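Working notes, structure below.
The values are calculated or read from the model by the stated rules, or taken from the named source; none is laboratory data. Note that the structure is a prediction, hence the values are computed from the model and not measured. Here the Cβ positions follow ideal geometry from the backbone for every residue, glycine too, while neighbour counts run over all protein chains shown. Just the protein is used for accessible areas: all its heavy atoms, side chains included, with ligands, DNA and RNA removed. Shrake-Rupley method; radii C 1.70, N 1.55, O 1.52, S 1.80 Å.
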Amino acid sequence: MSTSSTLSFTVTERTDRASEADRAAVLANPGFGQRFTDHMVLATWRKGEGWGDARVTAYGPLQLEPSAAVLHYAQEIFEGMKAYRHADGSVWTFRPEANAARFARSAHRLALPAMEEADFLGSLRALVETDIDWVPDATTGESSLYLRPFMFASEAFLGVRPANEVTYCLIASPAGSYFASGLKPVSLWISEHYSRAGVGGTGAAKCGGNYAASLAAQIEAAEHGCDQSVFLDSLEQKYIEELGGMNVFLVYRDGRLVTPELSGSILEGVTRSSILELAKDLDLEPEERRISLEEWRAGAESGEITEAFACGTAAVVTPVGRLVWNGGEVRTGPQGEGGEVATKIREALLDIQTGRTEDTRGWLTRLA
Ligand SMILES: *Cc1c(COP(=O)(O)O)cnc(C)c1O
């Protein structure tokens with residue numbers, strides 16, 4: 001909790017908001033990350049002054065000098081979270097303190113300024129209050145307003161050092177059900193010569209650079225008919241780390257639910273942490289440890305591993321159907337639909353997030 005003075009966000013509402021009909025059409029079929037709400041939050045940090053000029057303003061293009069440091073040296077971090085509209089019309093988000101804390105850790109790693117938890121939460125509230133009509137109804141499905149806070153080096157300077165001017169921005173985009181027709185298992189390509197992160201690198205920080213580093217492997221995956229890449233540890237190329245933007249879990253026949261332990265190059269997902277906490281309620285035995293690719297292959301082959309799934313805020317839980325590598329593949333879960341455990345975990349999370357079940361852990365924070 002911040003004891004220092006918190007930022008206050010000045011709201012300047014645009015007069016040309018999207019029409020109700022336009023908004024209704026977007027909300028009826030939102031997709032992901034395509035349309036944005038009417039407003040955005042901006043704030044500026046200056047060395048020696050701290051954060052200021054915090055405001056809610058019309059969503060639109062940013063003005064940046066071509067020499068802005070982020071465009072050259074990628075000093076940038078981001079977060080991803082969702083706001084859900086409950087049955088009574090109130091709007092809530094899931095464990096935002098965890099995102100605020102991770103944003104602060106990412107900022108530290110990328111030599112960006114810290115933002116107080118209260119200011120991070122304040123920005124979410126300011127935007128959601130202003131654009132509340134853009135929050136879809138989550139009483140039946142899983143529609144939400146996806147919130148994307150990010151921070152980047154906006155100083156116009158080509159010298160290599162932490163920027164003296166940094167911009168914080170928050171945008172929001174309605175998101176529909178990730179899977180239009182039921183849970184469809186994805187296939188994973190094992191990237192044997194690309195890593196997304198290495199020891200001492202930025203793997204544990206949520207930064208754009210990690211995503212840039214994952215894209216060549218993503219192309220390779222597509223060339224092999226796979227949906228996504230799974231990355232191995234960069235040192236031995238032997239242990240499972242995660243996907244480009246999701247953590248991984250394996251389900252064992254005896255009820256163990258195993259995920260790779262945080263290695264320093266794995267991103268600590270809020271969904272991952274929440275699943276580890278929920279596991280016991282669902283009669284599963286959570287385990288964090290190293291998992292070799294060989295263990296996964298052999299376990300899937302023998303049937304000891306009954307399911308695999310990936311998890312993250314955007315897709316919640318995504319079943320993995322096949323694991324493919326140069327020269328072979330193995331089925332690692334039901335093919336047509338998600339496995340029983342993946343489905344159960346997905347439902348448990350969504351029931352809390354959307355207010356369909358009681359939030360006994362205090363994971364929800366009201367935004368509006
Ligand atoms: C964001 C992200 C995740 C998932 O984190 P959540 O907090 O669960 O959304 C996993 N891996 C990477 C690399 C990520 O960037």
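At-a-glance table
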quantity: Normalised alpha carbon radius of gyration of region 28-126 [divisor 2.2 N^0.38 Å]; calculated: 1.22
quantity: Estimated inter-spin distance, A111 and Y178, nm [label 7 Å along Cα→Cβ]; calculated: 3.4
quantity: Loop sites in region 339-368: trypsin sites (Lys or Arg not before Pro), DSSP, at most 12 other Cβ within 10 Å; calculated: R361
quantity: Cα-based Lys proximity count in the chain, under 26 Å, for pairs eight or more positions apart or on separate chains; calculated: 9
quantity: Spatial separation of Cα centroids for region 22-55 and region 302-368, in angstrom; calculated: 29
quantity: Dimensionless Rg ratio for region 186-353, taking C-alpha atoms and the 2.2 N^0.38 Å reference; calculated: 0.95
quantity: Value of Rg to Rh for region 120-169 (Rh from inverse mean 1/r over Cα pairs, i.e. Kirkwood); calculated: 1.20
quantity: GluC sites (Glu not before Pro) restricted to DSSP loop in region 47-126 with at most 13 other C-beta within 10 Å; calculated: E49
quantity: Two-site label geometry, L62 and N29: point separation in nm, points 7 Å out along Cα→Cβ; calculated: 3.1
quantity: Area projected by the alpha carbon convex hull of region 10-175, averaged over all directions, nm²; calculated: 10.0
quantity: Dipole of region 10-175, positive end: most advanced residue of W134, T167, I77 [Cβ charges, Cα centre]; calculated: I77
quantity: Cα pair distances in the chain, grouped into 20 Å bins until the bin that holds the longest one, percent each; calculated: 28, 58, 14, 0
quantity: Computed E for I219/T44 - FRET, C-beta separation, R0 45 angstrom, nearest 0.05; calculated: 0.80
quantity: Surface accessible to a 1.4 Å probe, H86 within the full protein complex, Å²; calculated: 20
quantity: Extension gain, K238 back to E277 (0.36 nm per residue minus Cα-Cα distance, nm); calculated: 11.3 nm
